[in-house]
Amino acid sequence: MKRALAAVGLFALLLGATPAPAPTRTSPPMVIPIAPVQPTQTFGDWTVHYTTMNFNYQTDDYEFPDAVYITRPGGDVRADSAVGNGTDKTLTLTGHVVMHDTRKKPATLTTDELSIDGESKTYVSTGHTHYVSGDTDATSHDGQLDDIAKVLVLDGAVRIARGKTVLLADRVRYNTATGKGHAISKAGTITFPVAHPSPAPGASPSATPSPTPEPSGSPAPSDDWVVHYTSADFNAKTGDFSIPTHVLITRASGDVNADRADGNGKKHLASFFGHVIVHDVNGAFGTHLGSSTSGGPATLTCDRLDIDDAAKRYTATGTVHYVHNDTVADADSGVLDDKAHLLKLDGHAHVVQPPKSMTADHITYDTLTSDVHAESEPSRGVVTIFPGGPGPAIVPAKKITIRNPFSKKPKSGASPAPSPSP
């Protein structure tokens with residue numbers, strides 16, 4: 001009997017029963033602190049941290065009326081409130097939504113409302129969508145990301161900036177894996193920064209002069225290229241772009257019109273096709289050509305125009321026609337190399353500056369010195385006409401170089417040509 005009572009007493013002690021205190025000693029009570037635990041709810045990969053939750057066990061619907069903080073491996077989201085469904089693995093966050101993603105390149109998304117489908121890996125943002133990652137800054141009214149298909153769609157007042165290149169559109173569909181995208185807009189634009197030539201090899205940094213700062217309140221107009229389009233395809237990773245419909249490109253010094261265009265923004269390359277018309281406000285087309293001209297607007301038309309803005313090389317092909325003040329030039333093709341300061345006209349080249357003119361198979365013009373080199377096949381020769389002379393001069397079988405034949409001012413020490421009779 002004594003053994004049974006002893007066993008019962010030992011069992012009670014193990015269960016936490018408090019035995020009667022010894023008559024000669026008193027023991028203080030044991031206090032075990034318990035840390036507060038914030039409740040959580042899991043939706044797929046997402047874990048919701050909350051203070052208040054309303055739920056329905058039958059439908060598996062959840063509501064978080066207060067501020068929520070949601071985490072997952074490599075990211076988190078904060079919002080004023082949220083609703084979701086545990087079975088469907090869906091969650092909609094509302095109010096001051098801020099989402100961080102650190103899985104690859106750190107990125108931040110802010111919006112008014114964000115709907116997450118954990119099963120299909122889709123995210124839909126509604127209202128004041130703003131995404132920032134590295135040098136990419138994108139805004140729109142709404143956006144949708146399919147993380148499995150790697151397709152991002154932005155709708156309404158879309159603005160995407162990568163460095164200094166900026167695209168404006170009504171709607172953009174973009175593949176986050178390949179970098180390819182398609183933009184449509186009633187009045188869309190793509191702005192490419194003007195290319196600045198690299199310093200000559202071996203030149204010290206100080207050899208490249210710094211631009212003179214403009215007075216406050218009167219900045220110089222930017223000569224960046226602004227492409228106006230209604231439909232455009234692009235690749236944000238490679239810089240390639242294509243505009244299959246009519247395109248207008250403007251810059252501070254003029255504009256370009258064409259039936260279509262393509263190029264590469266990162267490499268500062270552009271090609272224009274069909275009914276190309278180029279206007280320039282000072283006749284220089286942003287080149288050293290202005291140093292040998294008297295200023296004033298100029299127009300160039302051709303079938304195709306290729307621009308290498310970094311190399312300062314411009315190639316016009318097919319029915320080339322150039323008008324600047326009283327000077328008119330025609331050729332099958334023409335190349336302006338602004339670094340070499342040479343303008344080359346090939347094929348039926350004809351230059352007129354009344355009352356002077358020149359016709360040849362090939363004409364090379366130095367835009368700094370105004371010297372001209374002309375040559376033709378022996379059967380055609382080079383035809384030049386100068387005022388006061390006996391008539392056309394034909395040189396059938398040799399190349400000729402004429403020092404500044406179109407200059408309006410004679411060289412120092414040279415006798416001026418006689419004026420034509422009225």
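Observations
- From the list Thr111, Thr129, Thr122, Thr94, the one residue that fits, being under 20 Å from Thr52 (Cα atoms), surrounded by 17 or more Cβ atoms within 10 Å (Cβ to Cβ) and modelled with pLDDT of 90 or more, is Thr94.
- Ser370, sole failed condition from (1) within 27 Å of Asn257 (Cα to Cα); (2) modelled with pLDDT under 90; (3) among the polar types (S, T, N, Q): (1)
- Residue pairs whose Cβ atoms lie under 7 Å apart, separated by 6 or more positions or on different chains, with the first residue in segment 47-71 and under 12 Å from Gly84 (Cβ atoms) and in the same structural domain as His96 (by TED's automatic domain parsing) and the second among the aromatic types (Phe, Trp, Tyr) and surrounded by fewer than 16 Cβ atoms within 10 Å (Cβ to Cβ), are Asp61/Phe55; Tyr62/Phe55.
- Count of residues meeting criterion [over 35 Å from the mean Cα position of the chain (by Cα) and among the acidic types (Asp, Glu)] in segment 329-345: 1
- Boolean, Gly84 is at pLDDT below 90 and within 30 Å of Lys267 (Cβ to Cβ): no
- Residue match in segment 311-326 (condition: among the hydrophobic types (A, V, I, L, M, F, W, C) and out of contact with any strand residue (DSSP E or B) (no Cβ under 6 Å at 6 or more places or on another chain)): yes
- Top-ranked residue of segment 303-345 - restricted to ones that are acidic (Asp, Glu) and part of a loop (DSSP other than H, G, I, E, B), ranked as farthest from Ala258 (Cα to Cα): Asp326
- Flag for Asp137 being surrounded by fewer than 16 Cβ atoms within 10 Å (Cβ to Cβ), in contact with a strand residue (DSSP E or B) (Cβ under 6 Å, 6 or more places away or on another chain) and farther than 20 Å from Gly84 by Cα: yes
- Residue in segment 215-238 that is at pLDDT 90 or above, assigned to a loop (DSSP other than H, G, I, E, B) and under 27 Å from Val172 (Cβ atoms) present: yes
The values are calculated or read from the model by the stated rules, or taken from the named source; none is laboratory data. Quick caveat, the model's predicted, so the values are computed rather than measured. Counting neighbours? That spans all protein chains shown, and the Cβs are built from the backbone with ideal geometry, glycine included.
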